[in-house]
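Asks: Please find one structure pasted underneath; my questions will follow.
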Amino acid sequence: MNTAFLRALAAPAMRITQLLDALQPLALLAARLYVAKVFFLSGLTKLRDWDTTLALFENEYQVPVLSPAVAAALGTAGEIALPVLLVLGLATRFGAFGLFVVNAVAVLSLPEVTDAALQQHVFWGSLLVGLLLWGPGRWSLDHCLVRRWWPGAPAGR
């Protein structure tokens, strides 16, 4: 078969692939910002009405091992601090892992989860796994720091 013909067939697919590759930093930034917003707003809600938060952890959520007060404090702290890391793209994989744990504990600690709520948690968890696997992208402090202090090291996408 003629290689020029094969190249002509493959050229549109290669252009599309290049375009999609160029969109990766934007997609990773969008994932970071979206998940950060969801968890940060949840943490603010818990902070605004701490008495209700404690009551929920005492009566509704079934967090194993931890006392309700400790679980409420740790969960709220994670929902406030870890999203900041995602927004900045700083220690992104650490932040994504922490929020993944918060998300998993939230699902496992509720006695009943509606299908719609479960789907949201699955979606958030999927975005967090994507950030764990692919990193924060080029539009992040992680990327800038790795390029500056460890030239030649793989900086992720």
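The values are calculated or read from the model by the stated rules, or taken from the named source; none is laboratory data. It should be emphasised that the depicted structure is a prediction, and the values quoted were computed from it without experimental measurement. FYI the Cβ positions are ideal-geometry reconstructions off the backbone, even for glycines, and counts take in every protein chain you see.
Asks: Select from the range 58-76 the residues that are in a helix (DSSP H, G or I) and in contact (Cβ under 8 Å) with a residue 12 or more places away in the chain and write down the one among them that is surrounded by the fewest Cβ atoms within 10 Å (Cβ to Cβ). I'd like the intermediate steps shown before the answer.
Replies: Let us first name the residues in the range 58-76 that are in a helix (DSSP H, G or I), namely 58-59, 68-76.
Those still in the list that are in contact (Cβ under 8 Å) with a residue 12 or more places away in the chain too: 68-69, 71-72, 75-76.
Values: PRO68: 18, ALA69: 12, ALA71: 20, ALA72: 21, GLY75: 24, THR76: 20.
Within the range 58-76, the match that is surrounded by the fewest Cβ atoms within 10 Å (Cβ to Cβ) is ALA69.
Asks: Moving on. Do the conditions hold for VAL87, that is, is it touching a residue at least 12 places away in the same chain (Cβ under 8 Å) and of a type in the set (A, V, I, L, M, F, W, C)?
Replies: yes
Asks: Only one residue in ALA106, ALA96, ALA81 is at pLDDT below 95 and part of a helix (DSSP H, G or I). Which one?
Replies: ALA106
Asks: What's the number of the condition TRP124 fails, among (1) without any contact (Cβ under 8 Å) to a residue 60 or more places away in the chain; (2) under 16 Å from the mean Cα position of the chain (by Cα); (3) crowded, with 17+ Cβ neighbours inside 10 Å?
Replies: With respect to (1) without any contact (Cβ under 8 Å) to a residue 60 or more places away in the chain; (2) under 16 Å from the mean Cα position of the chain (by Cα); (3) crowded, with 17+ Cβ neighbours inside 10 Å, TRP124 is out only on (1).
Asks: Right, here's the next one. With respect to LEU26, determine if the residue is aliphatic (A, V, I, L, M) and surrounded by 11 or more Cβ atoms within 10 Å (Cβ to Cβ).
Replies: The answer is yes for LEU26.
Asks: Within the range 113-132, can one find any residue that is under 21 Å from ASN59 (Cβ atoms) and part of a loop (DSSP other than H, G, I, E, B)?
Replies: yes
Asks: I need the full set of residues from the range 44-54 which are part of a helix (DSSP H, G or I) and either closer than 17 Å to LEU110 by Cα or more than 20 Å from the chain's Cα centre (by Cα) (or both), in order please. Steps first, answer last, please.
Replies: Within the range 44-54, the first condition is being part of a helix (DSSP H, G or I), and the residues that meet it are 44-48, 50-54.
Matches in the range 44-54: LYS46, LEU47, ARG48, TRP50, ASP51, THR52, THR53, LEU54.
Asks: Does ARG138 fit the bill of being basic (Lys, Arg) and surrounded by 18 or more Cβ atoms within 10 Å (Cβ to Cβ)?
Replies: Considered against the rule, which asks whether it is basic (Lys, Arg) and surrounded by 18 or more Cβ atoms within 10 Å (Cβ to Cβ), ARG138 comes out as yes.
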